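Novice: Let me begin by handing over the structure; questions about it come next.
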Amino acid sequence: MAIHKGDYTAIPADVLYPVLIGYRPVFANAVFIVMASSAIGVAVDRDHIGALSDMMTWARAHATPAIVQATLPPRMTLAPGDALARMARLIARDLVKPVKGTGLTAVAETALPFAGTRWFWGDDAAKVAELFCLPTLRAVEPELVDRLIDTILALSRDGIIQRRLGPAEARVEVAETTDFRVLGTFVITSGDLSRGRVRQAIRFNDGRTRPIVCFVPGTLECEWRGRRLTCDIAASIFAHSIEQHGDHVLLRHVSTIRHPDDVMRELGTVTCTYTLAAGRSAVAVDLVVTPARFVTLRDISVTSGLGELNELGWFDTITSLSEMGDVAITEAPLGLPLTGKNPAYFGFWESRALPGHATGVHIVPDDGPPVEIAGTVDGERIASLQWRYRSRSATRHKPFVIRDERLVTAGGYYDRAPEYRALVRETDPAWCRDPSMTYDTGVELNAVATWLFFAINGHYGNVPLARIAALRAWYDRHLALYLDHLRLDEPNRHERIFVRGLAFAILSLDTAARAFPDACYRDTADQLTEALLGTEVAVGGIDDAGIFGSGLPEAAWRPELDSQCAALLALGRMAYAPEAAAALSPAIARGLAALRISIPTGSSYGNDPLDHPTIVIGRHRQDDDLIDTGFWTYKLGLALRAFHIIAHGAEIGVINLPTPLRAHLADLDRTAREALLYAAECRNDVIEVRTSFNAGETNSETQPWVALGLVSDLERVIVGEPTMVDASLRFFRFPHV
């Protein structure tokens, strides 16, 4: 059946709804979507199937209830182990991919490239690795977990764990020089060359792309025949161009230096060229001062810089690295102007943001260091920056050439200046490593700790001791860096705590402590648990209810269901530890009380409303705006994982839950399970859990987290509770693949 995107409401809802439920898209363009009753996967460009969600919402709302009920496919009952194997089998079949030319194995976001991109995220490799650490799954895919951990190691050769891998790309998407757009592997470069404005944004597929830096030309000052001249480079632009040369793109604007008394006389030009190369995340910037014939310019001073910083971020800290290797870190208002430092590298960054989200801009001069770095400030943050270079003279045959390289990142440990200087220079001709840091450091730590737990306890047979030693050294190194950058002793520490990441760091420490009881991991886990408890904020309108989040109590911020459930999972796991803290049970109780069951009628984080009950969390019981829901099924997977371990802990007495809260927990578990299973499909020998009820497929975050939520094998083994059992699961069974 071919469905016209703009005219689908002309189809009776009772006809359209069964087609959308039982058929799969096999072709799509800007006008039509073609559905077929028998297809393998989704063989269409996902840029053109977004309308399916709107079609599904409309058809379900307008179809008669009897049709909706009759359209539901029959269910089949599976034992937990069988269901887990089928969910894992889909990951291995559809999402695990070789990274060509690297020898690495990674996890793709989706089975087919999404929005024309093929990125492999490091945290997705970690999420899948944690699942496949289970001995039952490792027996089926004996090399997979080790290959995925090798990919994590390849993304963390130094201090930071880099975010993702992607194929090298530099492509002009819009060639209009006054409103251009160039796609790089991880960066989008855009702007207006006629004004000298070049903006860069980190590239995403989910609406998060926004400009984070704007490169601007500065001024030229020089002496000619004893007279001092000044040229505003941006205001003097007379030519501009964009050129694609194979695997690199040149952006260029040219300005005129004119005689102060005779504007028709040209004394020279200033040419600024930006080189965007596939295989490089940094942009090379060349600024060339070329005097006219028979003209000699002397005592030249030229600046280049960044503008609009106070509009694009909260850049408040400067890091510089001298040629001798000395690192200096200063707060912006006190650190400007930066003179006499002769930096071989300098960077500007947001010290108040979460490390995994903080923006940084990095500059490495190629033709000698600038003599001065100056700027303007807006309160405590930088508004604009300029760095100045000098030359004694320039002629037509010996122009003044300045070259530097610039890199933007959206997450990092920015005090590590030598590492960022190296990242600016990094070249990957085929597959690039995103220089931005992972969001989910805790997830990567947890994957490695889980592998170590099973290896140390003999579940993997004879594992080389060198492998165990190498992974433990990796874990210790990155754990130490994570702890250093949390800066828990500072008053504004909440600004640097990503609750979900902190929760997984605690999980990793609990697992590591069970693998290495004589180490200090248990003490560190207790310290981080105390920090997690310190993020709790009371919920308005509900007695004894608390949200774990990074915002201040008096501020308006939206809670996150996945962070809340990850916090409950970490607190629940810590309750099984020897000498568990007395504060855990009350905190778990308050965290559960903050979760409600509701049918969301409005949007949350831009998501569609639902027509079935799910879990909801909000700052206030009556709040319909600052809420998050179980629209995305990975959040429900995390919720179920937390509910399992808490419910079992209450049964055996390690967690003290009042009887009404136990009943509430049972209701939450049942609601989350039913809502999640609405998005699950059993087809032949695999189970796919779609990213949402309205979505067409799963992804690399949803499938592993839902698997670990529906089947609690991992928690059962790690905490040593064989009586923690799962009920059978009933999935919708579809007759075709």
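Novice: Is it the case that Leu452 is buried (at least 21 other Cβ atoms within 10 Å of the Cβ), over 23 Å from the mean Cα position of the chain (by Cα) and at negative phi?
Specialist: So Leu452 passes the test.
Novice: Output the residues belonging to the stretch 639-695 that are of a type in the set (Asp, Glu) and touching a residue at least 24 places away in the same chain (Cβ under 8 Å).
Specialist: Once the filter is applied, which keeps residues that are of a type in the set (Asp, Glu) and touching a residue at least 24 places away in the same chain (Cβ under 8 Å), the stretch 639-695 yields Asp667, Asp669, Glu674, Glu681, Asp685, Glu688.
Novice: Against the condition assigned to a loop (DSSP other than H, G, I, E, B) and either on the phi < 0 side of the Ramachandran plot or of a type outside the set (D, E, K, R) (or both), how does Ala353 come out, does it pass?
Specialist: Yes, satisfied.
Novice: Ok, one more. From the list Val289, Val285, Val182, Val254, which residue is in the same structural domain as Asp404 (by TED's automatic domain parsing), at pLDDT 95 or above and over 20 Å from Thr303 (Cα atoms)?
Specialist: Val182
Novice: For the stretch 462-551, which helices (runs of 4 or more DSSP H) that fit wholly inside it have 2 or more residues that are under 21 Å from the mean Cα position of the chain (by Cα)?
Specialist: Hits in the stretch 462-551: 465-486, 499-515.
Novice: What residue, among those in the stretch 262-277 that are of a type in the set (A, V, I, L, M) and surrounded by 19 or more Cβ atoms within 10 Å (Cβ to Cβ), is farthest from Cys214 (Cα to Cα)?
Specialist: Filtering first and then ranking leaves Leu267.
Novice: Let me ask something else. Quick test of your reading of the structure: Ile718 fulfils all but one of (1) hydrophobic (A, V, I, L, M, F, W, C); (2) crowded, with 22+ Cβ neighbours inside 10 Å; (3) within 18 Å of Arg93 (Cβ to Cβ). Name the failing condition by number.
Specialist: If we test Ile718 against (1) hydrophobic (A, V, I, L, M, F, W, C); (2) crowded, with 22+ Cβ neighbours inside 10 Å; (3) within 18 Å of Arg93 (Cβ to Cβ), just (3) comes out false.
Novice: Something else about it: Here's a check for you: in the stretch 155-195, which residue that is closer than 20 Å to Ile212 by Cβ and among the charged types (D, E, K, R) is surrounded by the most Cβ atoms within 10 Å (Cβ to Cβ)?
Specialist: Taking the stretch 155-195 as the starting set, the residues that turn out to be closer than 20 Å to Ile212 by Cβ are 160, 162-164, 166, 169-170, 173-174, 179-193, 195.
Checking which are among the charged types (D, E, K, R) leaves us with 163-164, 169, 173, 179, 181, 192, 195.
On the way: Arg163: 26, Arg164: 21, Glu169: 20, Glu173: 11, Asp179: 12, Arg181: 16, Asp192: 17, Arg195: 15.
Residue satisfying both the conditions and the ranking: Arg163.
Novice: Right, another one. Can you tell which of Thr189, Thr271 is of a type in the set (S, T, N, Q) and either within 25 Å of the chain's Cα centre (by Cα) or closer than 18 Å to Pro435 by Cα (or both)?
Specialist: The unique qualifying residue is Thr189.
Novice: For the subset of the stretch 207-252 comprising residues that are closer than 30 Å to Thr409 by Cβ and of a type in the set (Ser, Thr, Tyr), which member is surrounded by the most Cβ atoms within 10 Å (Cβ to Cβ)?
Specialist: Per the criteria, the residue is Thr219.
Novice: Among the residues of the stretch 667-705, which ones are surrounded by 22 or more Cβ atoms within 10 Å (Cβ to Cβ), under 19 Å from Thr629 (Cα atoms), in contact with a helix residue (DSSP H, G or I) (Cβ under 6 Å, 6 or more places away or on another chain) and among the β-branched types (Val, Ile, Thr)?
Specialist: Once the filter is applied, which keeps residues that are surrounded by 22 or more Cβ atoms within 10 Å (Cβ to Cβ), under 19 Å from Thr629 (Cα atoms), in contact with a helix residue (DSSP H, G or I) (Cβ under 6 Å, 6 or more places away or on another chain) and among the β-branched types (Val, Ile, Thr), the stretch 667-705 yields Val689, Thr702.
Novice: Right, something else. Is it the case that the stretch 332-347 has a residue that's closer than 30 Å to Ala235 by Cβ, aliphatic (A, V, I, L, M), under 27 Å from the mean Cα position of the chain (by Cα) and assigned to a strand (DSSP E or B)?
Specialist: No, the stretch 332-347 has no match at all.
Novice: What are the residues in the stretch 555-573 that are surrounded by fewer than 24 Cβ atoms within 10 Å (Cβ to Cβ) and assigned to a helix (DSSP H, G or I), if any?
Specialist: Of everything in the stretch 555-573, just one residue is surrounded by fewer than 24 Cβ atoms within 10 Å (Cβ to Cβ) and assigned to a helix (DSSP H, G or I), namely Asp562.
Novice: Given the structure, is Ala332 modelled with pLDDT under 85 and either crowded, with 21+ Cβ neighbours inside 10 Å or under 27 Å from His494 (Cβ atoms) (or both)? Before you say what the answer is, go through the steps one by one.
Specialist: Values: modelled with pLDDT under 85: yes; either crowded, with 21+ Cβ neighbours inside 10 Å or under 27 Å from His494 (Cβ atoms) (or both): yes.
So Ala332 fits the description; yes.
Novice: Output the number of the condition that Leu445 fails; it satisfies all remaining conditions of (1) farther than 30 Å from Ala168 by Cβ; (2) assigned by TED's automatic domain parsing to the domain that holds Pro135.
Specialist: (1)
Novice: Has the stretch 254-261 got any residue that is in contact (Cβ under 8 Å) with a residue 60 or more places away in the chain and either surrounded by 18 or more Cβ atoms within 10 Å (Cβ to Cβ) or under 43 Å from the mean Cα position of the chain (by Cα) (or both)?
Specialist: No.
The values are calculated or read from the model by the stated rules, or taken from the named source; none is laboratory data. None of the values given here were measured: they were computed from a predicted structure. All Cβ positions, glycine included, derive from the backbone under ideal geometry; neighbour counts span all protein chains shown.
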